[in-house]
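The values are calculated or read from the model by the stated rules, or taken from the named source; none is laboratory data. Computed from a predicted structure; not experimentally measured. Heads up, the Cβs are rebuilt from the backbone with ideal geometry, glycines too, and the neighbour counts pull from every protein chain shown. All accessible areas refer to the heavy atoms of the entire protein, side chains included, with ligands and DNA or RNA removed. Shrake-Rupley method; radii C 1.70, N 1.55, O 1.52, S 1.80 Å.
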Amino acid sequence: MDAGVGGRTSKIAVAITGASGAAYALRLLEILLSRREIETHLVLTPCGADILRIEAGLNADADRFDPRYLGLKGAMRLRCHHHAAMTSPLASGSYRLDAMAIVPCSMACASAVASGASRNLVERAADVVLKERRKLIVVPRETPMSAIHLENLGSLALAGAVVLPACPGFYGRPRKVQDLVDFVVGRILDHMGVPHSIGPKWLGPDSQAPSSESP
Ligand SMILES: Cc1cc2nc3c(=O)[nH]c(=O)nc-3n(C[C@H](O)[C@H](O)[C@H](O)COP(=O)(O)O)c2cc1C
C-alpha cells in the first residue's frame, strides 16, 4: 500500500499509549496531517494522555480530548476516537483502515493485543487490523525487556504485526534529538507506505547527513 497513491484517500490510525516516547507520536501526526490525501485517526489512552502532559507539556485529557491541544498544523482534520468507544468505526473490520501504528506502545498494550483482550478501542482496533490482514505497526520503547515482553512482541510479529522498536540508528550522525526522533518516525512511515524525506537512508558510507522535512 502506498498512501494516497492513485488518488485514493488512505485511512491511517495512530494510537498513543502510556509508554515513554510522546515525541515520536507527535512527529508522526505532524507528517500525516501535512498530507491531505491521508485521513488520520487518533486514539489516546488515559496513560497516553499522561505521557503527552509529562513529556510534551500538552494539556491532554483522554476523556475530553481537543486536537488543538496537540499544537499541530491541521490538527482539526484529525479524527479523534474515545478510547472506550467500541461503537467507533475503528472497532469494525468493515471500516477499511490501511494501517495503524501504536506509538509509543506500552508493554501492557502489547500484552493485551497479543492475547486478543480488546478491552479498549486501541486494543480492539489493533485486533481488527490484524484479523483483516492490514498493516499494524507496534512501536515499543521499553528497555530492558522481560521474557514476557519478548514473548508478547513475538506473538504480535507472528500474527503479522511489524514490531518496530523506538531504536534510532546512528549511521546518519544525528546531531539533535529531532534527528533521533525522525529516524524512528521515518521507519514507521516507510512501513505505512507514506512517502517522506525524514531520517537518513543508508546509501553507502559517503551519504550520512541527516535530512529533514518541515511540513
Ligand atoms: C512517565 C511514565 C513512563 C512510562 N513509560 C513506559 C514505557 O516506556 N513502557 C511501558 O510499557 N510502560 C510505561 N509506563 C507505564 C504505562 O503507562 C502503564 O503500564 C499503563 O498501564 C499503560 O496503559 P495503556 O497501555 O492503556 O496506555 C510509563 C508510565 C509513566 C507514568
Inset, instruction - Could you tell me the accessible area of Arg53 in Å² (1.4 Å probe, neighbours in place), rounded to the nearest ten? - result: 100
Legend entry - Rounded to the nearest 10 Å², the accessible area of Leu78 at probe 1.4 Å: 10
Inset, instruction - For segment 123-214, run through the chymotrypsin sites (Phe, Trp or Tyr not before Pro) and keep only the ones in DSSP coil with at most 16 other Cβ atoms within 10 Å of their Cβ. - result: Phe170, Tyr171, Trp202
Inset, instruction - Place the peptides 81-92, 103-114 in order of packing, highest mean first, counting for every residue the other Cβ atoms within 10 Å and averaging per peptide. - result: 103-114, 81-92
Legend entry - Rounded if a/c under 1.5, otherwise prolate or oblate - segment 8-192, Cα gyration tensor axes: rounded
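If you roll a 1.4 angstrom probe over the protein chains with everything in place, what fraction of the accessible area of the chain belongs to carbon and sulfur, to the nearest %?
Details: 5350 of 10070 Å².
Roughly 53 percent of what the probe reaches on the chain is carbon or sulfur.
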Legend entry - Total charge dipole magnitude, the chain, about the Cα centre, Cβ charges on Lys, Arg, Asp, Glu only, Debye to nearest 20: 400
Legend entry - Highest average packing first - 145-151, 116-122, 30-36, Cβ atoms within 10 Å: 30-36, 116-122, 145-151
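Apply 1/(1 + (r/R0)^6) to the Cβ-Cβ distance of Met145 and Phe170, taking R0 = 25 Å, and write down the FRET efficiency to the nearest 0.05. Don't skip to the end; give the middle numbers.
Working: r = 21 Å, r/R0 = 0.83.
Once rounded, the FRET efficiency stands at 0.75.
Give me the extension gain from Ala85 to Ser155: residue separation times 0.36 nm, minus the current Cα-Cα distance, reported in nm with one decimal.
22.6 nm
Using a 1.4 angstrom probe on the protein heavy atoms only, could you order Arg134, Arg175 from most to least accessible area? Mind dumping the intermediate values first?
Details: Arg134 70, Arg175 180 Å².
So the residues, ranked largest to smallest area, are Arg175, Arg134.
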Legend entry - Residue-averaged [θ]222 nm for the chain, counting only DSSP H segments that reach four residues, each worth -39500 (n - 2.57): -10000 deg cm²/dmol
Legend entry - Average accessible surface area per residue within the chain, 1.4 Å rolling probe, Å²: 47
Legend entry - Kirkwood-Stokes translational diffusion coefficient of segment 36-108, alpha-carbon pairs, 37 °C, 0.692 mPa s, µm²/s: 246
Inset, instruction - Kindly report, to the nearest 10 Å², the accessible surface of Asp63 as traced by a 1.4 Å probe over protein heavy atoms only. - result: 90
